[in-house]
Amino acid sequence: MGAMIPGVRRTVLKDTLLTAAAPAIWGTTYLIAAELLPPDRPLTAATIRTLPAGLALVLATRFGFLRGSPGRLLVLAVINISAFQALLFIAAERLPGGVAAVVGALQPLFLLLLSWIADHVRPTYLALGSALLGVAGMALVFASPDVAWDPLGIVAAFLGTVCMAAGSFLSRRWQGSIPLLAFAGWQILLGGLVLLPFAFALEAPLPPLSSRHVTGYLYLILVGTLIAYPLWIRGLSRLPPGAVGALNLINPVTALLLGWILIGPGPTTTELVGVLIVLLSIGVLQQSNTTTRTPRAASFPIKVHPASSHPNFLKP
């Protein structure tokens, strides 16, 4: 298809930038968990991050649980929030320097494969090649001798990536007419409620919290959840799967850059080449999707609630 008209191009750019903010924010989670939170309490961290944010969104939207699709919301909550958040914090504690995020490079590939298997949307050779290029770039980072290969951490990061890909895929299909903020809020609240008994049963009570701990938790609640999740779910309803998957590669890049800048040591030549390859992969995937599709991709037709299309909705 031909080039996009200027108005459509601006809409795509706005949607892309807003969606990209979510994985950029999530890329800071690994540093926050390692430097600001009490150690050895991944389930507690995941619970504290989700419950207050989910409750705030649900109260703000006043959208009743039974008005949506309760079964689907619960499934999404377990995949997107409970399992993913628990695995994320386990990986963050066991893989220093943001290496946990590196496994997230597989997510665009998973999303393309899910689209192919479930909806018979065969990825283009360019999209598939670009996704593989992102994996190759992250593999170069793994090849560095400085990388800590903790087996449990690697498994947790891999399973977390699978959960994120599956949750993103299902969210596109299951939002229906539920308002975006309610859709995000109920997932986050239910996910936190599922995590709560496991945190109490399996982990030690929190120590007295210092100002550093409180700062870390507040950042995860307000920025990492209340802001990032609605932006991500908004993007899922507006951008093609390959484009959204590519943006998630910003997560490991952000984590690695913050680790190099704030903690050290600086990157090796191999690591820098790997990150540059990942950035190239993001650009190519975005170009291959946005030049051939409209902002609201036809591959996953869903109804968007009028509130989510209001001109003042989620202004940057």
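No lab work stands behind these numbers, since they all come straight from the coordinates. These numbers come from a predicted model, not from an experiment. As a convention, Cβ positions derive from the backbone with ideal geometry for all residues, glycine included, and neighbour counts pool all protein chains shown.
Taken one residue at a time, the phi angles of segment 160-176 give Karplus couplings (6.51, -1.76, 1.60, θ = phi - 60°) of x, 5, 4, 4, 5, 5, 5, x, 5, 4, 6, 4, 4, 8, 10, 5, x Hz. Gly and Pro are set to x.
Assign one of three labels to segment 43-92, namely rounded, prolate or oblate, based on the Cα gyration tensor with a ≥ b ≥ c the square roots of its eigenvalues; rounded applies when a/c is under 1.5, prolate when it is not and a/b is larger than b/c, and oblate otherwise. Oblate. Highest average first, the peptides 34-47, 224-237 ordered by how many other beta carbon atoms sit within 10 Å of their residues are 224-237, 34-47.
R0 = 22 Å: FRET efficiency of Asp40 with Leu132, Cβ-based, nearest 0.05? Step by step, r from the Cβ atoms, then E = 0.05. Ranked by the mean number of other Cβ atoms within 10 Å of their residues, highest first, the peptides 68-81, 114-127, 18-31 fall in the order 18-31, 68-81, 114-127.
Summing Cβ point charges (Lys, Arg +1; Asp, Glu -1) relative to the Cα centre of segment 6-297 gives a dipole of roughly 1220 debye. In sequence order, segment 255-268 has phi-based couplings of 4, 5, 4, 5, x, 5, 6, 9, 10, x, x, x, x, 7 Hz under the Karplus curve 6.51 cos²θ - 1.76 cosθ + 1.60, θ = phi - 60°, and Gly or Pro positions carry x.
Across every pair of non-identical alpha carbons in segment 6-297, the mean reciprocal distance, once inverted, gives a Kirkwood radius of 19.1 Å. Considering the zone a paramagnetic label at Phe65 would reach in this model (a point 7 Å from Cα along the Cα-to-Cβ line), which residues of segment 170-210 have amide N under 16 Å from it? From segment 170-210, the list is 182-197. The reciprocal of the average 1/r between distinct C-alpha atoms defines the Kirkwood hydrodynamic radius, which for segment 15-174 equals 17.2 Å.
Using only the Cα atoms of segment 148-267, build the gyration tensor, take square roots of its eigenvalues as a ≥ b ≥ c, and label the shape rounded, prolate or oblate: rounded if a/c is under 1.5, else prolate if a/b is larger than b/c, else oblate. Since a/c reaches 1.5 but b/c is at least a/b, the shape of segment 148-267 is classed as oblate.
Each of the peptides 248-261, 152-165 was scored by the mean count of other Cβ atoms within 10 Å over its residues; in descending order, highest first, they stand as 248-261, 152-165. Spatial offset of segment 11-54 relative to segment 62-81 amounts to 20 Å, using the alpha carbon center of each. When Ser82, Ser210 are arranged by Cβ crowding within 10 Å, least crowded first, meaning fewest neighbours, the order is Ser210, Ser82.
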